[in-house]
Amino acid sequence: MATIRTSLETAASPDDVWAAIRDVGALHTRLAPGFIADTKLEPGARVVTFANGMVLREPIVTIDDQGRRLVWTAEGGRTTHYNASLQVSSGPDRGAVVVWTADFLPDDIKPQLAALIEAGTRAMKRSLDALAK
C-alpha cells in the first residue's frame, strides 16, 4: 500500500483551521475552493466534485474534535482503496500545521495522486492563510 504525506503551515489559529476542516460539507467554499467545485452531504458521507470534473463519494470515518483529526475514505476514481486524514496541530511559533496522510491502492497511481494532493494542499493553504488576515 502506498502512502503520501504532505503538510502545510499557516498563520491561522489551530481552532480556525479545525473549524474549516471539520465543516465537511463546505470543502468547496471554506477549505479548498478552486480545487473542489462542489460538495454535497448525504448520511455519513460527502459527494465531492473536483475542479477537473471527477466526482467521488467520501464516507466520513471520524471527526475527532479533541485530536483535531478528520478521517475519510473515497469510493470511485482510480483507487481500489483510499483512506486519508487531515490533522491540525499548533505551529512551531504560532499558527497551525496541517498534515494530510493518504494510504491507497494500487501503488502505481502514486505520481498522479501525489500531484492531486499537492494541488489540494496549495488550495487549502490559500484558504487557511486568508483566515489569518
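We did not get these values from a lab; they are worked out from the coordinates using the rules stated. Since this is a predicted model, take the numbers as computed values, not measurements. Counting neighbours? That spans all protein chains shown, and the Cβs are built from the backbone with ideal geometry, glycine included.
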The number of residues in segment 84-115 that are aliphatic (A, V, I, L, M), surrounded by 18 or more Cβ atoms within 10 Å (Cβ to Cβ) and free of Cβ contacts under 8 Å to residues at least 40 places away in the same chain is 1
The residue that is farthest from Leu8 (Cα to Cα), considering only those in segment 96-115 that are hydrophobic (A, V, I, L, M, F, W, C) and in a helix (DSSP H, G or I), is Ile109
When restricted to Asp93, Asp129, the only residue in a loop (DSSP other than H, G, I, E, B), among the acidic types (Asp, Glu) and either out of contact with any Pro (no Cβ under 9 Å at 6 or more places or on another chain) or over 14 Å from Arg5 (Cα atoms) (or both) is Asp93
Handout entry: Any hit, segment 63-83, residues being among the hydroxyl-bearing types (Ser, Thr, Tyr), surrounded by 13 or more Cβ atoms within 10 Å (Cβ to Cβ) and assigned to a strand (DSSP E or B)
Key = yes
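Per-residue answers, yes or no, for (1) farther than 21 Å from Gly53 by Cβ; (2) over 17 Å from the mean Cα position of the chain (by Cα):
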| site | (1), (2) |
| --- | --- |
| Arg78 | no, yes |
| Ser85 | yes, no |
| Ser90 | yes, yes |
| Val99 | yes, no |
| Leu105 | yes, yes |
| Pro111 | no, yes |
| Ala132 | yes, yes |
